[in-house]
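The values are calculated or read from the model by the stated rules, or taken from the named source; none is laboratory data. The structure displayed is predicted, hence computed values, not measured ones. Using ideal geometry, Cβ is built from the backbone for each residue, glycine included, and neighbour counts are taken over all protein chains shown.
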Amino acid sequence: MITYPKELPRPLMDGYDFQAVSPMVRSELQSGRARQRRAFTSVPTNATVKWLMNQSQAQYFEAWWEEILVSGTQWFDCPLSAPTGFQAYTARFTDIYQGPTPVTRGWWQFSATLELRKRPLLEPGWVIDAPEYIVGAPLFDLAMTREWPDSDYQTYMDVFDRAVNDKLPEA
């Protein structure tokens, strides 16, 4: 799988948007009511994104789009932020990007719509089996960070820092 280059910046939050393609079919009845049903279980989501790049990044982006993505037709793993967190989503460009638009001297803006192969949703079952874990995730994360640090180094970092600064102040 092609991956988004680590040398390029992540999309800006300005103008960032997800729009799911509707999986529903609606049939209007003569009575004025309507029937709705799900036509598909897997539908794509369109993500509107913008990038701000310096001149060398802009050159690299355009060459990558042309040569690696074969004019944007190939799928690639793109790091995006969604309510489910920051992770790589399989995406492709729906059309050519807009830009480069000059922002200031040496900086360029690009914008595009990406089609995500899969909607950014939690794995099935969480909302049924453990909704309290979803809603309580920020509190759990805070408790884990405060109460259970990653290593002894983090636990005793202030003591270590003081010792290094007292014994080796020039370092």
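At a glance:
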quantity	calculated
Residue among 100, 11 that alone is in the same structural domain as residue 115 (by TED's automatic domain parsing), surrounded by 15 or more Cβ atoms within 10 Å (Cβ to Cβ) and assigned to a loop (DSSP other than H, G, I, E, B)	11
Test: residue in segment 49-65 that is closer than 15 Å to residue 1 by Cβ, modelled with pLDDT of 95 or more and either among the basic types (Lys, Arg) or in the same structural domain as residue 112 (by TED's automatic domain parsing) (or both)	yes
Single unsatisfied condition, residue 108 versus (1) of a type in the set (A, V, I, L, M, F, W, C); (2) within 30 Å of residue 54 (Cβ to Cβ); (3) at pLDDT below 80	(3)
Subset of segment 37-67 [in contact with a Gly (Cβ under 8 Å, 6 or more places away or on another chain), touching a residue at least 40 places away in the same chain (Cβ under 8 Å) and either under 21 Å from residue 115 (Cα atoms) or acidic (Asp, Glu) (or both)]	48, 49, 50
Every residue from segment 103-117 that is surrounded by fewer than 19 Cβ atoms within 10 Å (Cβ to Cβ) and touching a helix residue (DSSP H, G or I) at 6+ places or on another chain (Cβ under 6 Å)	106
From 43, 70, residue being in a loop (DSSP other than H, G, I, E, B), aliphatic (A, V, I, L, M), over 27 Å from residue 137 (Cβ atoms) and outside the structural domain of residue 134 (by TED's automatic domain parsing)	70
